[in-house]
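The values are calculated or read from the model by the stated rules, or taken from the named source; none is laboratory data. On a predicted model such as this, the values are computed, not experimentally measured, just so you know. Here the Cβ positions follow ideal geometry from the backbone for every residue, glycine too, while neighbour counts run over all protein chains shown.
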Amino acid sequence: MMALVDHADRFVGQFCRWGVILCLLGLFILLGTAVIVRTIPFVSISGYDEIVEFLFAWLTFLGALALWRENGLYRVMLIEAAAPAPIRWLFGVMTQALMLTFALTLAVKGHEFLQYAGERTPFLGADKTWWYLSVPASGAIMSIYSAIGLARAILGRSPQSSATPGLD
Amino acid sequence: MFIATILIGLCTLILFGVPIAVALGFVAIATMWYAVGPELLTIFIQRIYAGTTSFPLLAIPFFILAGNLMNTGGTTQRIFDVAHLIIGRIRGGLAHVNVLASLLFAGMSGSAVADAAGLGVVEIKAMKEAGYKPRFAATLTAVSSTIGPILPPSIPFVIYGSLANVSVGALFLAGIVPGLLMGLGLMAVVAVIAKRKGLPRGEARPLTPVALRILAFALPALAMPFLVLGGIFGGIVTPTEAAVVAAAYAFILGRFFYRELAWSQLPEIVWESGRQTAQVMFIIAAAAPFGWVLIQQRIPNALLDAMFSLSSEPWVILLIVNAVILVLAMFIEGIAILIIAFPVLLPIMLQIGVDPVHFGVIIVLNIMIGLVTPPVGLCLYVVSSISNVSLSEITRELWPYLLALIAVLLLITYVPALSLWLPHALGYGVVR
């Protein structure tokens, strides 16, 4: 059972990694092409902004899922690190509970939003569901990680942190 | 009371270790649920998705990618070599080189952390080898990296411009004089320290063939700011497209000119850039429903009234605003402050006649100072980890530089022309 969970976790990690890489490369190619095409008279690429929106949304939410999985979202550890063990336990449980609430809202309300959306993109005529799906899909997997994280926090096992610095 | 609960609740969650994006999102969820009910939460999803669809924000991944490609592809080393060539011979030469290299790097990268983590490794190693104390080298590296996002291009300016609906080009121009003033201020402090402590002079490097070769080899790297900024201000590319051009150029330099970038390194660089982008974009996305809640609850108006009950003097309000952002920046990550503070403070600034471009420079400069102030100065942590110098040692050396940066901040705050004359001179109008 644990081997299966481990396997699924590694699959999510690789999926996020290659998804993010493909989205960023796709954006690079599209925007680069747009700059080049602009210099050529009578040639234009239409509807590329719809694909750009798709790639940027998936880049953001797949990347956020990767960070969620690694416990790498930016956070301030100052008070938690200085607190005594029982308080630290409480902070850990509270943080995981809030993360679970947030992730469940993304998953459940995101799914409801998909039901009502029913839009098509103006130029490509594609179903916008594939664009919005980035929110509930990542939210659902985040919920699973947060549920496990909450259980671990209650049992007093803190998650591995790989927090990375911000980008100001 | 309700307003205080929202704002204090958010700050408490962040300070108690809840991830910033989650804290922003959770406060928005709780407020929407309390004010209307769970049915409003589909708006939460709509807003969070919309937070990722702003075209100007697309510049962020590519400025990050450009910075990472420059650090891996050898461009950063060439920038340092040129700075060394120019001012390495004066007393405390390598310390001045540290500041000048950050000024040059700032014209290519939009991130202070990219400067501290990339250029910082080169700078600290060179300074240690030349006999400088590691804590002096580490502190100066952290402080000089804050110039990066003030001089264009700049990731915080891209975010501010997108949120406040202000021209990113105008913000880039407005940052040039303040960025140069920061550099001059830090160099002045270095000069005083160099004289007092008798810091060494760098080895003389007259115009020898070796020096000329270094310069010639670095010229393509030095051309990058002209390519990026010339493209934007020449009306050839948008800031987003300029970021793509910068990333492409950094790749070409690293792969084909300096030949230090291997194809096998690319997936890791692209992945790391995407990961760092998601770090920022997830906060921005989660802040979108939070901003919506603030406006729905008329919180900016209430704070406007509260601020004017304290004083109606613009200079006093500016002083209070600076103090508030600076204190926040000591504890909370910069992008989060930018996102939280701007919808609250911008109406106040407009009310007292402060140009939004000028305010953009003020708020970003405050955030940059926050990057090197304990206890949550990100650049301090980055530099501490790459230099193996403890945070407390760096903090002890920090104060003269901080005073110089605060002096520049006050100058920029009370002399708007320092930020605004360049955008005005080049045809970017005042937005009121």
Among the residues of segment B:55-67, is any touching a residue at least 40 places away in the same chain (Cβ under 8 Å) and either over 30 Å from A:GLU50 (Cα atoms) or among the polar types (S, T, N, Q) (or both)?
no
Counted residues, segment B:123-171 - those being of a type outside the set (A, V, I, L, M) and within 21 Å of B:GLY235 (Cα to Cα):
10
Of all residues in segment B:223-242, how many are away from chain A (no Cβ under 14 Å), assigned to a helix (DSSP H, G or I) and within 11 Å of B:MET108 (Cβ to Cβ)?
4
Name every residue in segment B:91-118 that is surrounded by fewer than 24 Cβ atoms within 10 Å (Cβ to Cβ) and either in contact with a Phe, Trp or Tyr (Cβ under 8 Å, 6 or more places away or on another chain) or charged (D, E, K, R) (or both), in order of residue number.
B:ARG91
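Within segment B:265-303, take every residue that is touching a Ser or Thr at 6+ places or on another chain (Cβ under 8 Å) and closer than 23 Å to B:LEU350 by Cβ and give me the one that is farthest from the other protein chains (Cβ to nearest Cβ).
Going through the qualifying residues, I end up with B:GLN297.
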Determine which member of the set A:LEU124, A:LEU104 is of a type outside the set (Val, Ile, Thr) and closer than 21 Å to B:ALA23 by Cβ.
A:LEU104
Touching a Gly at 6+ places or on another chain (Cβ under 7 Å), within 25 Å of B:GLN276 (Cα to Cα) and basic (Lys, Arg) - does that describe any residue in segment A:48-70?
yes
Test each condition in (1) part of a helix (DSSP H, G or I); (2) surrounded by 19 or more Cβ atoms within 10 Å (Cβ to Cβ); (3) not aromatic (Phe, Trp, Tyr) for B:VAL166 and report the one that comes out false.
(1)
Are any residues in segment A:41-83 farther than 26 Å from B:ILE48 by Cβ, surrounded by fewer than 16 Cβ atoms within 10 Å (Cβ to Cβ) and within 8 Å of chain B (Cβ to nearest Cβ), and if so, which ones?
A:LEU78
Residues that are among the hydrophobic types (A, V, I, L, M, F, W, C) and in contact (Cβ under 8 Å) with a residue 40 or more places away in the chain: does segment A:85-96 have at least one?
yes
What's the number of the condition B:VAL18 fails, among (1) in a helix (DSSP H, G or I); (2) facing chain A (nearest Cβ under 7 Å); (3) touching a Leu at 6+ places or on another chain (Cβ under 7 Å)?
(1)
Restricting segment A:110-126 to residues that are within 8 Å of chain B (Cβ to nearest Cβ) and touching a residue at least 12 places away in the same chain (Cβ under 8 Å), the one surrounded by the most Cβ atoms within 10 Å (Cβ to Cβ) turns out to be A:GLY110
So, first residue at the interface with chain A (Cβ under 9 Å from one of its Cβ atoms) and over 12 Å from B:MET368 (Cβ atoms) in segment B:106-117, second residue crowded, with 24+ Cβ neighbours inside 10 Å and charged (D, E, K, R), Cβ within less than 9 Å, six or more apart or across chains; the pairs are none
Single match in B:VAL372, B:VAL364 (criterion: surrounded by 21 or more Cβ atoms within 10 Å (Cβ to Cβ), in contact with a Phe, Trp or Tyr (Cβ under 9 Å, 6 or more places away or on another chain) and not in a helix (DSSP H, G or I))
B:VAL372
If you scan segment A:32-78, which residues turn out to be out of contact with any helix residue (DSSP H, G or I) (no Cβ under 8 Å at 6 or more places or on another chain), without any contact (Cβ under 8 Å) to a residue 60 or more places away in the chain and not basic (Lys, Arg)?
A:ILE36, A:VAL37, A:THR39, A:ILE40, A:PRO41, A:PHE42
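Taking the condition among the polar types (S, T, N, Q), closer than 18 Å to B:SER109 by Cβ and touching a helix residue (DSSP H, G or I) at 6+ places or on another chain (Cβ under 8 Å), does B:GLN276 pass?
Yes.
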Quick check: is even one residue across segment B:236-246 farther than 24 Å from B:GLU123 by Cα, touching a Gly at 6+ places or on another chain (Cβ under 7 Å) and either surrounded by fewer than 18 Cβ atoms within 10 Å (Cβ to Cβ) or free of Cβ contacts under 8 Å to residues at least 60 places away in the same chain (or both)?
yes
Within segment B:63-88, work out how many residues are hydrophobic (A, V, I, L, M, F, W, C), farther than 25 Å from B:LEU24 by Cβ and within 14 Å of chain A (Cβ to nearest Cβ).
3
Quick check on segment B:34-51. Is at least one of its residues under 27 Å from B:ALA216 (Cβ atoms) and more than 14 Å from chain A (Cβ to nearest Cβ)?
no
What residue, among those in segment B:199-232 that are in contact (Cβ under 8 Å) with a residue 60 or more places away in the chain and among the small types (Gly, Ala, Ser), is farthest from B:LEU103 (Cα to Cα)?
B:ALA204
Consider B:GLU123 carefully, then state whether it is surrounded by fewer than 24 Cβ atoms within 10 Å (Cβ to Cβ), among the acidic types (Asp, Glu), without any contact (Cβ under 8 Å) to a residue 60 or more places away in the chain and out of contact with any Cys (no Cβ under 7 Å at 6 or more places or on another chain).
no
Filter pass, B:ALA116 being within 17 Å of the chain's Cα centre (by Cα) and modelled with pLDDT of 90 or more
no
Only residues that are closer than 26 Å to B:ALA170 by Cβ and either within 14 Å of chain A (Cβ to nearest Cβ) or over 18 Å from the mean Cα position of the chain (by Cα) (or both): list them for segment B:304-322, please.
B:LEU304, B:MET307, B:PRO314, B:TRP315, B:ILE317, B:LEU318, B:LEU319, B:ILE320, B:VAL321
